[in-house]
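Presented below is the structure to which this report refers.
The values are calculated or read from the model by the stated rules, or taken from the named source; none is laboratory data. The structure presented is a predicted model; accordingly, all values stated were derived computationally and were not measured. Positions of Cβ are backbone-derived with ideal geometry, glycine not excepted, and every protein chain shown enters the neighbour counts. Each accessible area value is taken on the protein alone, full model and side chains, heavy atoms only, with ligands, DNA and RNA left out. Shrake-Rupley method; radii C 1.70, N 1.55, O 1.52, S 1.80 Å.
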Amino acid sequence: MTDTIPAGTFSMRSPYGRRAAGLSVAAAVGGFLFGFDSSVINGAVSSIESAYTKDALLTGFVVAVALLGCALGAVVAGSLSDRWGRLRVMLLGSGLFLASSVGSALTFSVPDLIVWRVLGGIGIGIASVVAPAYIAEVAPRQVRGSLASLQQLAITIGIFTALLSNAVLAGAAGSADNILWWGLEAWRWMFLIGVIPAAVYGILSLTMPESPRFLLAKGRNDEARAIFERLVPAADLDKTMNELISGIEDDRKNRTASLRGKALGLQPVVWIGITLSAFQQLVGINVIFYYSTTLWRAVGFDESNSLLISVFTSVTNVLVTLIAIFLVDRIGRKPILMTGSLLMTLSLGTMALAFAFAQTVDGEVALPGAWGPIALVAANLFVVGFGASWGPIVWVLLGEIFPSRIRGKALGVAAGAQWIANFLVSWTFPQLAAFSLPFTYGMYAVFAALSFVFVLWKIPETKGMALEQSETLFVRKPKRSARARWGSSQQIRRM
């Protein structure tokens, strides 16, 4: 029984915690690829527009089109991982991103760049679903929130690495447009660097153990037990195995389980996952990481300094994500999300106000007087609010809220919704910015405020609960009939 297990057995300092953390870190490299791809385009976007797209609308599409591939990859990842196993699907994602990095670096036209961006997006979308599912399946519930947050931490580190490499490469060449090595411009090398993390992810997928849950589902019980012996204390091993086997048997009985329900065609819990995913993107976080160089130029910095400021912003993102990882299993998911929503609303509203005073100088947006520094501080506070809350915590909840019989499918749909929302925000920002930056940031502030209301209204606390227990919080209990309520009241009166 778990109550005979010594205290601290599942801490991050214990052998079991360290092993689960090691596997979770390896799985989360897929998040690194997403973060890297999200921001590597930041340093190349101006060069791509001047060399190929020549138009803000087409530029926005080239930047965002990878996210459509991400949506497709996310939707198919669940069924592929159930059929082939988590590790083979990770390897597939690695190969697709590696091919995309090379292809994007050697692009010669808009159509072929779009193809490579979509291909890499499919790989990232696959990784975005497989990684949190794998982590949830190997992590003890006592530290599952912290380990699931590693997905977002990896994303932030990927963003930092991409922005840092962009700054270094552009600095070495003198400009992103200048030739660096082997006759290739610096912006092409920004893409080519992505080969390294893609290869690392592929190598890790060849060395990690398969998910014990997948092995049990395939009848490979001895292999699953051997893996669990390193992740679960002997006193809890049989109980863990039996619970998983029982859960898998239930899944088989419900193999035809559908996401369909009475709430606009889907089960209510699926809509909760979709809404969480959508809000995570509709607050506009990726505008900071896709177009931050353009933003900092508006504040008054040149290209070199803008790239460096983007690096510092990404460092802030990493640090506050570490704070979220520390707090998520201590104070819970819900208060962190609500605090983050409030801070994002305040900071985005401040940015909207600052850009209301913007001036156009030589065709470029500029902020006069103190409004430039105010916008700079507000943008970084927005990153703090997001990185410490909605960034990591949404991934935690998506791994917890869905019933096991539909978890794979529902995770795919929720992640797909996240990518589509991300695409819409990233694609529309150049046009919205050209229309009105105060309106654009004000709109993101409204979404941040709505996210607070949604969490307050719809999200219960899942801290410290087993997956099977936490998922029941999102299932609507049937209403009792009037006769049943009357019978209960009579029974109470007789007591």
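In the range 42-49, the condition of being at pLDDT below 80, assigned to a helix (DSSP H, G or I), more than 24 Å from the chain's Cα centre (by Cα) and of a type outside the set (Ser, Thr, Tyr) is met by at least one residue.
Which of the residues belonging to the range 453-481 are modelled with pLDDT of 80 or more and open to solvent by 50 Å² or more (accessible area, probe 1.4 Å)? Once the filter is applied, which keeps residues that are modelled with pLDDT of 80 or more and open to solvent by 50 Å² or more (accessible area, probe 1.4 Å), the range 453-481 yields 453, 456, 457, 458.
Within the range 144-153, the presence of at least one residue that is in contact with a helix residue (DSSP H, G or I) (Cβ under 8 Å, 6 or more places away or on another chain), of a type in the set (Ser, Thr, Tyr), under 30 Å from residue 324 (Cα atoms) and in a loop (DSSP other than H, G, I, E, B) is confirmed. Every listed requirement among (1) farther than 21 Å from residue 21 by Cα; (2) open to solvent by 30 Å² or more (accessible area, probe 1.4 Å); (3) hydrophobic (A, V, I, L, M, F, W, C) is met by residue 190 save one, (2). Apart from one condition, residue 438 fits all of (1) assigned to a helix (DSSP H, G or I); (2) crowded, with 20+ Cβ neighbours inside 10 Å; (3) in contact with a Phe, Trp or Tyr (Cβ under 6 Å, 6 or more places away or on another chain); the exception is (2). For the residues 235, 263, the requirement of being more than 30 Å from residue 171 (Cβ to Cβ), at pLDDT below 65 and open to solvent by 20 Å² or more (accessible area, probe 1.4 Å) singles out 263.
Scanning the range 317-348 for residues that are out of contact with any Phe, Trp or Tyr (no Cβ under 8 Å at 6 or more places or on another chain) and either in a helix (DSSP H, G or I) or free of Cβ contacts under 8 Å to residues at least 40 places away in the same chain (or both) yields a count of 19.
For residue 345, the requirement of being on the phi < 0 side of the Ramachandran plot, β-branched (Val, Ile, Thr), buried (at least 21 other Cβ atoms within 10 Å of the Cβ) and over 17 Å from the mean Cα position of the chain (by Cα) is met. List the number of the failed condition for residue 204; all other conditions in (1) open to solvent by less than 30 Å² (accessible area, probe 1.4 Å); (2) hydrophobic (A, V, I, L, M, F, W, C); (3) modelled with pLDDT of 80 or more; (4) under 22 Å from residue 85 (Cβ atoms) hold. Status for residue 204: all satisfied but (1).
You will find that of 449, 415, the residue that is modelled with pLDDT of 85 or more, within 23 Å of the chain's Cα centre (by Cα) and either more than 21 Å from residue 384 (Cα to Cα) or open to solvent by 30 Å² or more (accessible area, probe 1.4 Å) (or both) is 449 and no other.
Of all the numbered requirements in (1) modelled with pLDDT of 85 or more; (2) of a type in the set (Ser, Thr, Tyr); (3) under 27 Å from residue 246 (Cβ atoms), residue 444 misses one, and that requirement is (3). Taking the criterion of being in contact (Cβ under 8 Å) with a residue 60 or more places away in the chain, in contact with a Ser or Thr (Cβ under 6 Å, 6 or more places away or on another chain) and surrounded by 24 or more Cβ atoms within 10 Å (Cβ to Cβ), would at least one residue in the range 44-61 satisfy it? No: the range 44-61 contains no residue that is in contact (Cβ under 8 Å) with a residue 60 or more places away in the chain, in contact with a Ser or Thr (Cβ under 6 Å, 6 or more places away or on another chain) and surrounded by 24 or more Cβ atoms within 10 Å (Cβ to Cβ). Taking the range 348-379 as the range and being within 16 Å of residue 436 (Cα to Cα), within 30 Å of the chain's Cα centre (by Cα) and either at pLDDT below 80 or open to solvent by 70 Å² or more (accessible area, probe 1.4 Å) (or both) as the test, only 353 passes.
What's the total number of residues in the range 368-425 that are assigned to a helix (DSSP H, G or I) and under 24 Å from residue 344 (Cα atoms)?
Qualifying residue count, the range 368-425: 38.
Each residue in the range 95-151 was checked for being small (Gly, Ala, Ser) and either at pLDDT 90 or above or farther than 18 Å from residue 24 by Cβ (or both), and 12 pass. For residue 32, indicate whether it is part of a loop (DSSP other than H, G, I, E, B), open to solvent by 10 Å² or more (accessible area, probe 1.4 Å) and modelled with pLDDT of 80 or more. So residue 32 does not fit the description; no. Of all residue pairs spaced 6 or more apart or on separate chains, those with beta-carbon atoms under 8 Å, a first member in the range 422-435 that is surrounded by 19 or more Cβ atoms within 10 Å (Cβ to Cβ) and a second member that is modelled with pLDDT of 80 or more and not in a helix (DSSP H, G or I) are 425/284; 429/284.
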